[in-house]
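Nothing in this text is a laboratory measurement; each read-out follows from the coordinates by a stated rule. On a predicted model such as this, the values are computed, not experimentally measured, just so you know. Don't worry about glycine lacking a Cβ; one is built from the backbone with ideal geometry, like all the others, and counts go over all protein chains shown.
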Amino acid sequence: MRGVRNRQARNNLAAMKIDDLVFYYHSQQELAIVGIMKVTKEAYPDPASSDPQWLTCDFTPVLTLPRPVSLDEIKDNPALKKLALVKQPRLAVMPVSEDQFKELCTLVSENPARRWTSHES
């Protein structure tokens, strides 16, 4: 997550911990969640900026979803109406509760939520 220049997104990056699972969302092309990543390095100053207030984290891929979960599908799901992506779709980094994570995983044919018992993104 380099180049994030929004205070709320920065604060969400700062809250990430090693081994947290996060969704990878294509925000420019297909508007869909396409994978899951894991935090491998907690927030540190973004080397792409000379301003130390901007942060980044390091991630490693965990899973490519068997199919993308589109923003339209997410918006149509009543259980996800409070998801930050629905309320603030332009926010680059946002929290996802464990219940929201599990619900999103049910939208794909293979349910990756079964692989983990607890996580926040």
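Rounded to whole numbers, the Karplus 3J(HN,Hα) couplings from phi for the stretch 27-40 are 9, 9, 10, 8, 6, 7, 7, 10, x, 10, 10, 10, 6, 10 Hz, using 6.51 cos²θ - 1.76 cosθ + 1.60 with θ = phi - 60°, and x at Gly and Pro.
Distant-in-sequence amide contacts of Leu65, defined by a placed amide H-H separation under 5 Å and a gap of 5 or more residues or a different chain, comprise Gly35, Ile36. Springs between Cα atoms under 10 Å define the GNM used for the chain, and in it the highest mean-square fluctuation of Gln53, Gln100, Gln29 occurs at Gln29.
Label separation (Asp99 vs Ala15): 1.6 nm, computed from points 7 Å beyond Cα along the C-beta direction. Between Ser27 and Arg67, the FRET efficiency from the beta-carbon distance, with R0 = 22 Å, is close to 0.80. Using Cα pairs under 8 angstrom and six or more residues apart, how large is the relative contact order of the chain, in percent? Result for the chain is 26 percent.
With θ taken as phi - 60° and the Karplus curve 6.51 cos²θ - 1.76 cosθ + 1.60 applied, the whole-hertz 3J(HN,Hα) list for the stretch 83-99 is 4, 4, 4, 6, 7, 9, x, 8, 6, 6, 9, 9, x, 9, 6, 4, 5 Hz, x standing for glycine and proline. Remark: C-alpha extents of the chain on the principal axes read 43, 27, 23 Å, sorted largest to smallest. Annotation: lysines with alpha-carbon distance below 23 angstrom to Lys41 (same-chain offsets under eight excluded): Lys17.
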